[in-house]
Amino acid sequence: MRYLILFALLYLLYYFFKKTFFPSKRQEKTLRRYHGKSADKELVQDPQCHTYIPKETALTAHIGGKVHYFCSRECLEKFKKGS
Ligand SMILES: [Zn+2]
């Protein structure tokens, strides 16, 4: 029983030591990694055909002061004509 308490105390000490000397560094990294991942796979909606396309492959157009994303030039032209 005594060993159990000692072990628990040591574990707590270790835990706090770890927390104070290595603060959220790991958390920051994972957060950044998460954000990077989500940014890579960010989906945007084509306002013309309403399909979702990855931002990096989408066609961008500034129409009426807003940025619109299109899956194809055809959609872009259609949207331009429509609005
Ligand atoms: Zn489209």
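FYI, it's all coordinate maths here, none of it is from the lab. Since we're looking at a predicted model, the values are computed, not measured. Quick reminder, even Gly has a Cβ in these numbers, built from the backbone with ideal geometry, and neighbours come from all protein chains shown.
A few remarks follow.
- Gain in span if fully extended, Gln45 to Tyr14, counting 0.36 nm per residue against the direct Cα distance: 6.3 nm
- Peptides 54-64, 3-13, 69-79 ordered by packing proxy, namely the average of other Cβ atoms within 10 Å per residue, highest first: 69-79, 54-64, 3-13.
- Inter-label distance, Glu77 to Ile63: 1.3 nm, where each label sits 7 Å from its Cα along the C-beta direction.
- Taking amide H as placed 1.01 Å from N in the peptide plane, the amide H of Val44 sits under 5 Å from that of Ile53, Lys55, each at least 5 places away or on another chain.
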